[in-house]
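Notes to accompany the following structure.
What follows is calculated from the coordinates using simple rules that are stated; it is not laboratory data. Values in this document were obtained by computation on a predicted structure and should not be read as measured data. Positions of Cβ are backbone-derived with ideal geometry, glycine not excepted, and every protein chain shown enters the neighbour counts.
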Amino acid sequence: MTINSEPIIIEEIFNTNAATLWKAITNVDEMRQWFFENIDSFEPKVGFKTQFNVKSQERDFLHLWTITEVEPLKKIVYNWKYEDYHGNSFVYFELFEVKNGTKLRLTTKITEDFPTNVLEFKPESCKQGWEYFIQLRLKEFIEHN
């Protein structure tokens, strides 16, 4: 993913209210159930920082998150980067009330190029990862809770 890449946008409509969806994307106990199990801590507060490791094949990806924007029940923005890899991005989770539910729009914007020779940083890989988390894992979590 490079600064010339189109932003990755994933949208999904959930048959629930904004408060329930907001809790699922901002409460660390709920996030561990559909997102990353090993998130150590999380608070939806501007300036909050957390880090955790994700292993992929032979590589470690130490995720470094800083919360840069919060509008409760509407939007939360992460600065998202990785230790030991150049590159920088912002991930936006935005909630919109729609008929019979809430729409989540996730947008990933690249502000500094990631390594082009790392499979996990290919746009297709990022898009597939977000589709998995939002359209499968989060959808199942919301529907079964």
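Can you give the FRET efficiency for residue 136 and residue 4, using 1/(1 + (r/R0)^6), R0 = 22 Å, r = Cβ-Cβ distance, to the nearest 0.05?
It comes to 0.15.
Are there chymotrypsin sites (Phe, Trp or Tyr not before Pro) in the stretch 35-79 that DSSP puts in a loop and that have at most 16 other Cβ atoms within 10 Å, and which ones?
Listed in order of number, the matching sites are 36, 48.
To two decimal places, what compactness ratio does the chain give when its Cα radius of gyration is scaled by 2.2 N^0.38 Å?
1.01
Between the DSSP loop rule and a limit of at most 13 other Cβ atoms within 10 Å, which GluC sites (Glu not before Pro) in the stretch 1-60 are left?
Counting only loop positions with at most 13 other Cβ atoms within 10 Å, the GluC sites (Glu not before Pro) in the stretch 1-60 are 37, 58.
So how many Å³ per residue does the convex hull of the Cα atoms of the stretch 96-145 work out to?
89
Between residue 53 and residue 38, 0.36 nm times their residue separation minus their Cα-Cα distance comes to what?
4.6 nm
Before anything else, pin down the relative contact order of the chain: Cα pairs under 8 Å, at least 6 apart, normalised by residue count, whole percent.
In percent, rounded to a whole number, it is 30.
Keeping to pairs on different chains or 8 or more places apart, tell me how many lysine pairs in the stretch 8-143 have Cα atoms under 13 Å apart.
9
Among 89, 56, 41, which one shows the highest mean-square fluctuation when the chain is modelled as a Gaussian network with alpha-carbon springs under 10 Å?
Of 89, 56, 41, the most mobile in the Gaussian network model is 56.
Anyone know which of 116, 50, 66 comes out most mobile in the 10 Å Cα GNM of the chain?
Result: 116 has the largest fluctuation of those listed.
Which value, in debye to the nearest 20, describes the size of the charge dipole of the chain about its Cα centre when Lys and Arg Cβ atoms bear +1, Asp and Glu Cβ atoms bear -1, and nothing else is charged?
Roughly 320 debye for the chain.
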